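Step one of this worksheet: look at the structure below.
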Amino acid sequence: IVGLKPSLGRVPIDPPYMGRAAGPMTRSVQDAALLMQVLSQPDARDCMSLPPQAIDWSLAWRQDKPLKGLRIGLLLQAGCGLPVEPAIRAAVEQAARLLEGQGAIVTPWAPFMTPELLAGLDHFWRMRSLLDLDALSAPARASVLPVIRDWAESARGMSGADLFRAYAATHATRVATSQAMQGLDYLISPVSPNAPAPAEWPSPTNDPLRGLEHIGFTVPFNMGEQPAISINCGYMASPATPGAMLPIGLQIAGQRFDDLGVLQLARAFEQLRGPQRPWPAPPAP
């Protein structure tokens, strides 16, 4: 599928919160752009929303984006979290070669996230979730998954100084992401470093205290507020089902407010990539 995380505030959301963004998930870039025509309409309930802007979203598919001369960074290591699996790395490298073949200037890009930044975000969100859980009634709290309760409860002993340091990681991540994007038009990377975990697991590590190890490529653009899109760039063998193939996500991130440009580059890649496998259908009744 195609999934667009717009610039923060492009799609109003209630309740708003730093890093929180909502966007379309569709079968094509064109469908995502069509939905943005509606989703980006103003809504005063979001105090963090962007001013209404007359964007012609149809240009995402009606106007080809010239790739020649585009400055594209290639990020193959997040700098934190799980290592990238070889099949995923190979698919993203092939995507880079396709763009380079059309004249884009693709440059390997150094990681800008760190384990310390990811840990700060993690611990700040643990405390936020702990306060939310403490505000629930006992029956409601008991209905929350144990892994979430354990994750949040681990923050109960944090000092005020530790909590502020964790909170400061949100701004530090934003600064690092903004600096990393300087000199680039777009940055491409894997969406996730790993194949999907078993559905019964809460995260790829199956460890409540290491539950965010898979978001190293994506979370910077939540904190930095840049638009980023996920689009299929290949397939890898399913670790759970012999013979089955799973899609690999390519992330294309752009400068803040360049939502249309991100869609246009994704549309260009959509036309360059190889044949797609049939959309999976549920078993017949």
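No lab work stands behind these numbers, since they all come straight from the coordinates. A quick note: this is a predicted structure, and the numbers were derived from the prediction, not measured. Here the Cβ is made from the backbone with ideal geometry for all residues, glycine too, and neighbour counts use every protein chain on show.
Going by neighbour counts of Cβ atoms within 10 Å, the residues THR177, THR241 line up, fewest first, as THR241, THR177.
Remark: segment 74-87, residue by residue, has Karplus-estimated 3J(HN,Hα) of 10, 9, 10, 10, 6, x, 7, x, 6, x, 7, 6, x, 5 Hz, where x stands for each Gly or Pro and the curve is 6.51 cos²θ - 1.76 cosθ + 1.60 at θ = phi - 60°.
Applying 0.36 nm per residue to the separation of GLU153 and MET245 and subtracting their alpha-carbon distance, the gain on full extension is 29.3 nm.
How high is the FRET efficiency from TYR235 to PHE164, r the C-beta distance, R0 30 Å, rounded to 0.05? FRET efficiency, TYR235 to PHE164: 0.10.
Distance between the modelled labels on LEU59 and TYR17, one decimal in nanometres: 3.4 nm (7 Å Cα→Cβ projection). The calculated FRET efficiency for ALA87 paired with ALA197, based on their beta-carbon distance and R0 = 22 Å, is about 0.90. Note on GLN179 and ARG141: their simple-model spin labels are 4.1 nm apart, each label 7 Å out from Cα toward Cβ.
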